[in-house]
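Trainee: Got a structure for you, written out below as structure tokens; questions coming shortly.
Coordinate-derived values only; no laboratory data. Predicted model, so just to flag it, every value in this text is computed and none were measured. Positions of Cβ are backbone-derived with ideal geometry, glycine not excepted, and every protein chain shown enters the neighbour counts.
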Amino acid sequence: MRAVYLDHNASTPVHPEAVAAMLPFFSERFGNASSVHGFGRAARDAIDTAREGIARFLGAGPDEIVFTSGGTESDNLALRGVAAARGGGHIVTSQIEHHAVLRTCQSLERGGFAVTYLPVDEHAMVDPEDVRRAIRDDTILVSIMHANSEVGTIEPIDAIGAIVRERGIPFHVDAVQTFGKIPIRLDAWGIDLLSFSSHKVYGPKGVAGLYIRKGTKMVATQHGGEHERRRRAGTENVPGIVGFGKAVECRSREMTAEALRLAELRDRLTGGTGARVADVRVNGHPTHRLPGTASLCFRQVESESIVLGLDLKGVGVSAGSACTSGNVEPSYVIVAMGVPLPWAMGAVRCSLGRGTTADDIDYVLGVLPPLVEKLRALSPVGAV
């Protein structure tokens, strides 16, 4: 049976060059980067090289990059670090952020902080003017994602950043789904903190980064040794960081061409599905969306049934976002967009990557329509 992986927003296969770069650091170059002997210095040099490469890719300084264990930790460090430095105040975010941001904000609310959760339009787009209106005299941070992981909408970060910069407020951007996929302009967009992750860009799991603009006031939330310039204690994941650095190096060569190719394949998938299946809608902004993300709602079909049915045909997709898969409730992102329940219950995300081919898309277009037809005939939601 053919195997077609269309869940790259959840995780990507590690690039072969990244695997090759990592291997020595599991064996002969195993030193702790905090050790002063030769073994430790070799590990430290490898971390420094990766940090410099990632900083160069972002247009940042190496001392502005902090390595973490994942995008979730990066988001937590950004929000909690600024909050702890201020001691109180107001935060602005949106209703469709990743749970790493939303649940951190909810936790901060329980600790006495005030949070405004901005709505989005039918395309999952945040209105910059809503950000302007939400800012208060006691606002200490604005956190808006660069692109939504589920529907792929790219937010107007440049316009939002300009508004936030006018007020002199720190601006955090969760770029886990855009780093290495589309360009990011730290200075032009006024970004002070940026979360990004390795396993979304063909690097290993268990390592990520947080860009912290020099001069941004924040404190460490994890305490221990002197690692990462006292901003994130804990022995560095040397093999992971090396693999992350190599994956980013590969992205610098491949990103632009791949974005164009994936956009064509994405449109082939959405257009072909629309031509073959009745009552289907494409979610997200029609033009401002990630090149490899296709979010589809199938009316009166449960998304989990589609996911399981495609899995039996060797196709891997997700019901909404992978972090909430298995939940029978409709996606909070789709609900925030105002999608009616009979459609929202049938949200499926297909996310393409560097290994996706036109033949893969055509295979999906061959198995998806009869599956939806069968499920509509069997599903109890058909009466909704």
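Trainee: Relative contact order of the range 16-250: what whole-number percent is it, with Cα pairs under 8 angstrom and at least 6 residues apart?
Mentor: Working: 457 pairs, mean separation 64.8, N = 235.
Contact order relative to length: 28 percent.
Trainee: Something else about it: So for the chain: antiparallel DSSP bridges make up what percent, rounded to the nearest 5?
Mentor: Working: 21 of 37 bridges.
If we restrict to bridges inside the chain, about 55 percent are antiparallel.
Trainee: Could you work out how much longer the chain between Asp267 and Asp138 gets when fully extended? Use 0.36 nm per residue separation minus the Cα distance between them, nm to one decimal. Please report the intermediate quantities before stating the final value.
Mentor: Numbers: separation 129, 0.36 × 129 = 46.44 nm, distance 4.41 nm.
Going from the current span to full extension adds 42.0 nm.
Trainee: Once the Cα atoms of helix 358-378 and of the chain are each reduced to a long axis, what angle between those two axes, in degrees from 0 to 90 to the nearest 10, is obtained?
Mentor: The helix 358-378 is inclined about 60 degrees to the chain.
Trainee: Also, quick follow-up: Springs between alpha-carbon pairs under 10 angstrom, Gaussian network model over the chain: which of Thr72, Thr93, Thr256 fluctuates most?
Mentor: Thr256
Trainee: To continue, here is another question. Taking only Cα atoms and a 10 Å spring cutoff, compute GNM fluctuations for the chain and point out the largest among Asp48, Asp138, Asp63.
Mentor: Asp138
Trainee: How far is helix 157-166 tilted off the main Cα axis of the chain, in degrees rounded to 10, range 0 to 90?
Mentor: 40
Trainee: For the range 188-196, just list the computed ³J(HN,Hα) in residue order, Karplus coefficients 6.51, -1.76 and 1.60, θ = phi - 60°, integers in Hz, with x standing in for Gly and Pro.
Mentor: 4, 9, x, 7, 9, 9, 9, 8, 8
Trainee: Another question, if that's okay. Find out how many positive minus negative residues lie around His98, taking Lys and Arg as positive, Asp and Glu as negative, among other residues whose Cβ is under 10 Å from that of His98.
Mentor: Details: positive: Arg103; negative: Asp75, Glu97, Glu150, Asp174.
Neighbourhood net charge equals -3.
Trainee: While we're looking at this one, here's another question. Find how many whole Å separate the alpha carbon centroid of the range 1-59 from the alpha carbon centroid of the range 62-133.
Mentor: Cα centroid of the range 62-133 versus Cα centroid of the range 1-59: 28 Å apart.
Trainee: With a sphere of radius 11 Å drawn around the Cβ of Ile47, what net charge do the other residues whose Cβ falls strictly inside it have (Lys, Arg +1; Asp, Glu -1)? Provide the component values of the computation, followed by the final result.
Mentor: Details: positive: Arg41, Arg44, Arg51; negative: Asp45, Asp48, Glu52, Glu228, Glu236.
So the surrounding residues net to -2.
Trainee: A further question follows. Once you have the Cα-Cα distance between Lys217 and Thr357, take 0.36 nm times their residue separation minus that, and quote the gain in nm to one decimal. Could you put the intermediate results ahead of the total?
Mentor: Numbers: separation 140, 0.36 × 140 = 50.40 nm, distance 4.55 nm.
That pair, Lys217 and Thr357, stretches by 45.8 nm at full extension.
Trainee: Let me ask something else. Per DSSP H run of at least 4 residues, take -39500 (n - 2.57); add these up for the chain, divide by its residues and hand me the 222 nm value, nearest 500 deg cm²/dmol. Could the numbers behind the result be given before it?
Mentor: Details: 12 runs with 156 residues, N = 384.
So the calculated ellipticity at 222 nm is -13000 deg cm²/dmol.
Trainee: Under the 0.36 nm per residue contour assumption, what length would be gained going from the current alpha-carbon distance of Glu28 and Ala377 to full extension?
Mentor: On the way: separation 349, 0.36 × 349 = 125.64 nm, distance 5.94 nm.
Contour length minus the Cα-Cα distance gives 119.7 nm.
Trainee: Note down the nm distance, to one decimal, between modelled labels 7 Å out along Cα→Cβ at Arg229 and at Phe39.
Mentor: Label-label distance for Arg229 and Phe39, simple model: 2.9 nm.
Trainee: From the phi of every residue in the range 27-32, what ³J(HN,Hα) in whole Hz does the Karplus formula 6.51 cos²θ - 1.76 cosθ + 1.60 yield, where θ is phi - 60° and glycine or proline is x?
Mentor: 10, 6, 10, 8, x, 7
Trainee: Please compute the net charge surrounding Leu308, taking Lys and Arg as +1 and Asp and Glu as -1 over other residues with Cβ under 13 Å from its Cβ.
Mentor: Working: positive: Lys313, Lys374; negative: Glu302, Glu304, Asp311.
Local net charge: -1.
Trainee: Oh, and also: Over the range 16-250, how many pairs of lysines fall under 20 Å by alpha carbon, counting only those 8 or more apart in sequence or from different chains?
Mentor: Numbers: Lys181/Lys200; Lys181/Lys205; Lys181/Lys246; Lys200/Lys246; Lys205/Lys246.
Summing the qualifying lysine pairs gives 5.
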